[in-house]
Amino acid sequence: MKPLLMRHSEPINESFKIWSNGNPYIHNPWHYHPECELTFILKGKGVLFIGDQMTEYNDDEVILIGPNLPHEWRSDIEGSPDLYSESISIHFNQYFLGEYFYELSEATPIFNLLNNSIKGVKIEDQETKKKLKKVIKSVMNADGLLKLAKMLEVLHIVSSSPHLSYLSSASFVDTIDSGQDHRINQIYKHVMKNFTRDLSTKDVAMVINMTTTSFCRFFKSRTKKAFTRYLNEIRVGYSCRLLLEDKYSISQIAYQSGFGNMSNFNKQFRLIKNITPSQYLKKYQEANP
């Protein structure tokens, strides 16, 4: 199944759309849209599947998602009715300010930011988030030209951040540029639903009606990485989230993340994170006493 194309209603007499979300449970399906999306998680916790990667999100998280980049927000709040998610999202066309605007030298940082948004951008700098929260809330209450000016300020703040990280791999971006290959999307969809289970290369190859050998060649030619590497990256990313929750033992987390045994879990975790799961947890605890 390919990601759903979501068409949002066009804003009337406005160049972009902004709205707030505050629901008991947020879970948008695997989807994409032609607009850029800037989401500020004011309150909430969960995971974001984006492109070929997975990242966790928490309070005061800011993510910029580029046009046609498949993604899926999965909130943790489903089983906790006393909690809720709260966020502000902005959808805008990459060229909503006009193509000639980006020819101005002052607009170069914003132009570069939006070009890189196709990989998904996460703001890591706390000072930037603090500034952005105030301004993005003011956009909600502004009108007319003032609203547009504040939106420009939002993009200026994000593009000026000293610490931005990219969420999806460059190889996944190539699959978007080549026209959203439906078979690749079927693979990602299947993995996202089943990575915590026993999932073999043969099982996934059958989803797109290929032999195991043909599938391995196809996946590597499209993503520049082996399928097993991709699957282990998703599983390790999920295990990191469970480690930080501090609810389960490391051996429990190994099995809940889809690894069949502790030995393989430790090996793959070290290959991908360059430290062991226990070292990862200790490092986090030392940074957050």
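The values are calculated or read from the model by the stated rules, or taken from the named source; none is laboratory data. Small disclaimer: the values here were computed from a predicted structure and weren't measured. Here Cβ is always computed from backbone atoms with ideal geometry, including for glycine, and neighbour counts include all displayed protein chains. All accessible areas refer to the heavy atoms of the entire protein, side chains included, with ligands and DNA or RNA removed. Shrake-Rupley method; radii C 1.70, N 1.55, O 1.52, S 1.80 Å.
Rundown of residues vs (1) within 15 Å of the chain's Cα centre (by Cα); (2) modelled with pLDDT under 85; (3) surrounded by 21 or more Cβ atoms within 10 Å (Cβ to Cβ), yes/no style:
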residue	(1), (2), (3)
Cys36	yes, no, yes
Lys43	no, no, no
Val47	yes, yes, no
Glu56	yes, yes, no
Leu64	yes, no, yes
Trp73	yes, no, yes
Ile77	no, yes, no
Ser80	no, yes, no
Tyr84	no, yes, no
TODO: Sort out which residues of the range 103-129 are among the β-branched types (Val, Ile, Thr) and surrounded by fewer than 18 Cβ atoms within 10 Å (Cβ to Cβ), and write them in order of number.
DONE: Thr108
- [ ] Output the residue which, of all residues in the range 271-283 that are open to solvent by 60 Å² or more (accessible area, probe 1.4 Å) and closer than 23 Å to Arg197 by Cβ, is modelled with the lowest pLDDT.
- [x] Lys273
Open item on the list: I'd like the full set of residues that are in contact with a strand residue (DSSP E or B) (Cβ under 9 Å, 6 or more places away or on another chain) and assigned to a helix (DSSP H, G or I), limited to the range 90-117.
Closed with: Leu113, Leu114, Asn116, Ser117
Open item on the list: Quick test for you: out of Thr211, Thr196, Thr228, pick the one residue that is at pLDDT 85 or above, under 23 Å from the mean Cα position of the chain (by Cα), open to solvent by 60 Å² or more (accessible area, probe 1.4 Å) and hydroxyl-bearing (Ser, Thr, Tyr).
Closed with: Thr228
- [ ] Give the range 231-264 a look and list any residue that's charged (D, E, K, R) and either crowded, with 17+ Cβ neighbours inside 10 Å or assigned to a helix (DSSP H, G or I) (or both), or say none.
- [x] Glu233, Arg235, Arg241, Glu245
Task: Qualifying residues in the range 16-34 (those that are under 25 Å from Met140 (Cα atoms) and among the aromatic types (Phe, Trp, Tyr)) - the one modelled with the highest pLDDT - done: Phe16
